[in-house]
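Since the structure comes first, as structure tokens, the remarks are kept for the end.
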Amino acid sequence: MERPFGEPCMVRGTRSVKVRSIHEPGYFDLQALAVYSCCSVRWLRNRLVDHHQPLPHYRVEGKVLVKREEFDQWMTTHRTMPQVNDLAELVESVVSQMQMPRRTA
């Protein structure tokens, strides 16, 4: 279930930040991004310097800004899917249960 954009999520250490409409293009500072993503500011700050897939950002006179579209794209690269082997095992177990002979009384 998705929460409506702009509705604060429960992120420890962040205060309620009013953010713009989801349909407006724009940039988030880390506090607004924390509300948008339900991630902590500390976690987001650590992603800025990640060696494998750093969070794309802009630094304007020391202020860190993240473009919403770029953040959403970056998040899709972290989507997890079930392993192929796990999925094959699941299908096999379901099919074997369906093929078990039924007892007649």
Those residues of the stretch 54-98 which are basic (Lys, Arg) and either in contact with a strand residue (DSSP E or B) (Cβ under 7 Å, 6 or more places away or on another chain) or under 17 Å from Leu44 (Cβ atoms) (or both) amount to Arg59, Lys63, Lys67, Arg68
| Looking at the stretch 28-40, is at least one residue surrounded by fewer than 11 Cβ atoms within 10 Å (Cβ to Cβ) and either outside any helix (DSSP H, G or I) or out of contact with any His (no Cβ under 9 Å at 6 or more places or on another chain) (or both)? | no
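Any read-out appearing in this document is the output of simple, stated calculations on the displayed coordinates, not a laboratory observation. Being a predicted model, the structure only gives us computed values, none of them experimental. FYI the Cβ positions are ideal-geometry reconstructions off the backbone, even for glycines, and counts take in every protein chain you see.
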